[in-house]
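Let me begin by presenting the structure, written as C-alpha cells, before commenting on it.
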Amino acid sequence: MANPTNKTSEDSNNAATSSTPSAMSVIAPAVGWLVPGAGHLVQRRYGRGVLLMASIVSMYMIGIGMQGHVYSPNGGDLLDILSFLGDACAGGLYIVSRALDWNPGLITKATADYGSKFIVVAGLLNFISAADAYHIAIGKKQ
C-alpha cells in the first residue's frame, strides 16, 4: 500500500494544470451574467439555458410590467443597497432597463412593490445561473 503523504511528480503536474482557469470558466459566467441563460447556451446545455433565459426574462419583465422599482446605486438605506445589488445581478436586463428608463417615477399601482421583488429575484436567479455555468465549465457539475 502506498503512503498517501508521498506525492509523485505526476500528482504535482495534475495539481498545477487543474489550477489554471480555462477560457470557458471565464467566458461562461460573464456571458451568463450579461445575457440570462447564455452561459449555459455557450456550453451547449440548450435545455437548461433556454429554461433559465425564459424564467429570468419573464420574471424581470413581469416586474417591469407591474411598475416595479429598478434600484440605482446609492448609499442610502441598507434595503435599497441590497435591492440594487439584486437588480444589478440581472446583468444586461438591468443595463437596458436603466438605459431606457423603465423605472416609474411615482408608484401608482399597489402591485408595484411585488414588481420590485420580481425584479430583485430575477437578478438573484441570474446570479445563481451564472454561478452554475461556472461550475459546469470547471467540471464540478454535469
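Coordinate-derived values only; no laboratory data. Computed from a predicted model, the values in this text were never measured in an experiment. Cβ: placed from backbone, ideal geometry, glycine included. Neighbour counts: every protein chain shown.
Brief remarks on what is shown
- Sequence-distant contacts, meaning Cα pairs under 8 Å at least 6 residues apart, place the relative contact order of the range 23-138 at 41 percent.
- Applying the criteria of a DSSP loop state and at most 11 other Cβ atoms within 10 Å to the trypsin sites (Lys or Arg not before Pro) of the range 94-142 yields 140, 141.
- Label-reachable residues, the range 99-142, where backbone N falls under 16 Å from a point 7 Å from residue 22's Cα toward its Cβ: 132-142
- On full extension, the segment bounded by residue 110 and residue 51 gains 18.3 nm, given 0.36 nm per residue less the C-alpha separation.
- Label point 7 Å beyond Cα of residue 103 along Cβ direction - residues of the range 112-142 with amide nitrogen under 19 Å: 112-124
- Charged neighbours of residue 69, selected by a Cβ distance under 15 Å, balance to -2 (K, R count +1; D, E count -1).
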